[in-house]
Structures are given as structure tokens and as C-alpha cells.
1. Take the Cβ-Cβ distance between Ser44 and Asp172 as r, set R0 to 35 Å, and report the resulting FRET efficiency rounded to the nearest 0.05.
2. Considering amide H positions built from the backbone, and no H for Pro or chain starts, which residues 5 or more places from Thr79, or on another chain, come under 5 Å of its amide H?
3. Region 54-99: which chymotrypsin sites (Phe, Trp or Tyr not before Pro) are DSSP loop and have at most 14 other beta-carbon atoms within 10 angstrom?
4. Grab the other residues whose beta carbon is less than 13 angstrom from that of Ser115, score K and R as +1, D and E as -1, and report the net.
5. Starting from region 99-131, pick out the trypsin sites (Lys or Arg not before Pro) whose DSSP state is loop and whose Cβ has at most 12 other Cβ atoms within 10 Å.
6. For region 153-190, which trypsin sites (Lys or Arg not before Pro) are both in a DSSP coil and crowded by at most 15 other Cβ atoms within 10 Å?
7. Excluding Pro46 itself, calculate the net charge of residues whose Cβ lies under 15 Å from the Cβ of Pro46, where each Lys or Arg counts +1 and each Asp or Glu counts -1.
8. Sort the following peptides by mean Cβ neighbour count (other Cβ atoms within 10 Å, averaged over residues), highest first: 43-49, 8-14.
Amino acid sequence: MMVDISSLGNLNPTEPLDLDIYPDDTGPSTLPPAGRYTVRAPESFPSDAFGATKAGFLSAQVDPTIVGPTHENFVIRFTRVSAKPFKRRGVTVSQLGYYLRATGRKGLIPSDPQSQADAVAETTNRVYQVDTDWRIYEKATGWTLEGMKNFPSDGQGGHVPVIPSQTEKNEDGTPLMLRANLVVVRFVEA
């Protein structure tokens with residue numbers, strides 16, 4: 001059977017698909033357990049890594065890659081920091097400030113968003129530490145489950161990072177399976 005894909009334009013050719021030598025897909029990569037990891041900042045921060053919060057403050061996507069002690073090369077996706085100020089023990093702070101401190105930045109950074117974006121961009125490839133945990137967010141209902149210890153036991157001393165939705169169903173009527181994400185819960189000061 002031939003299909004007409006001419007409307008897609010000039011697509012790039014690939015290597016031949018030798019399906020006899022493909023390694024088996026062992027399923028999804030193992031979600032790292034909650035804990036402290038040494039991570040590396042992204043190799044670059046393109047302009048689309050920066051945005052604005054609903055309140056109008058600078059935000060930056062800083063998805064770090066784990067370099068140790070285990071789960072090397074696992075990217076902690078959806079890691080955004082915000083310059084939105086809040087009080088902690090009487091001092092005005094922000095997630096963005098905690099990120100910069102963790103990556104080794106010291107001193108005063110001007111309050112303008114451009115200077116703060118430039119400071120984030122200067123963290124490329126820096127190695128730092130984070131504390132992580134598991135989180136599921138069900139977009140359709142707003143339901144969340146946070147904390148690896150709150151997930152079902154796997155019977156071997158660990159936890160299962162996938163649970164069935166209580167409300168959402170697949171086309172065949174079975175529960176939609178919700179997968180946990182690893183999230184940064186704290187940037188560790190350098």
C-alpha cells in the first residue's frame with residue numbers, strides 16, 4: 001500500500017531501518033528515587049527558556065541533568081524558577097535567587113529582569129546540588145500526589161511511580177495511568 005506524503009515537502013532521509021537488530025525497548029526509564037543529586041545546568045539557555053509568570057515576573061526553565069551519584073544523564077524536566085519575591089524568615093527571596101546561589105553565584109544582582117536573565121544564562125554547564133521528590137499532577141482535575149513515600153509500595157522496599165487515575169479513563173474504559181515526575185524541591189546552597 002502506498003500513501004501520498006508529498007504535502008509534507010522535502011523530508012530528510014534516514015538510515016535504513018534494520019528491524020532485526022533493534023534492541024528491545026525495556027519500557028520507560030526508571031524514575032530516580034527522591035533524594036539529593038548532583039546536577040548540571042543546561043548547555044545553553046535559548047530565549048524561549050525565559051518567560052513571565054501570571055503575576056508578571058521573570059521565569060526561567062532550568063532543566064538540570066543528573067550527574068550523580070546515580071541515574072546519570074536523567075533530565076529533571078519542567079524545572080522552572082521564578083523571580084516572584086516572597087518572604088522567608090523576614091528576608092525577601094525568590095526561587096530564581098535560590099537557583100543562582102546553588103550554582104555558586106554570590107553578591108548583588110540588579111532587580112531588572114534583563115540582569116537576572118543574564119545571570120541565569122551565565123550558569124550554563126555549572127554543577128550544583130538539588131533535593132528532589134516525586135509528583136503527579138492530573139491536569140484534567142487538578143489532583144496532585146506529592147512525595148515518593150506517598151506512592152504505592154513496589155514490594156521490594158521502593159515505590160511504584162505510576163498509579164491509575166480515579167476519574168480519567170482510556171478509550172477502552174480502563175483507568176488512565178498517571179506517571180510521576182521527578183521535581184526539584186530545593187536548590188542546595190553552594
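Read-outs throughout are calculated quantities, based only on the coordinates presented, and are distinct from any laboratory measurement. Quick caveat, the model's predicted, so the values are computed rather than measured. Cβ: placed from backbone, ideal geometry, glycine included. Neighbour counts: every protein chain shown.
1. 0.25
2. Val62, Asp63
3. Phe78
4. Net charge in that neighbourhood comes out at -2.
5. Working: sites: Arg101, Arg105, Lys106, Arg126; in loops: Arg105, Lys106, Arg126.
Qualifying residues, ordered by number: Lys106.
6. Details: sites: Lys169, Arg179, Arg186; in loops: none.
Nothing satisfies the criteria.
7. Values: positive: Arg80; negative: Glu43, Asp48, Asp63, Asp118, Glu122.
Surrounding charge for Pro46 is -4.
8. Highest to lowest by the protection proxy: 43-49, 8-14.
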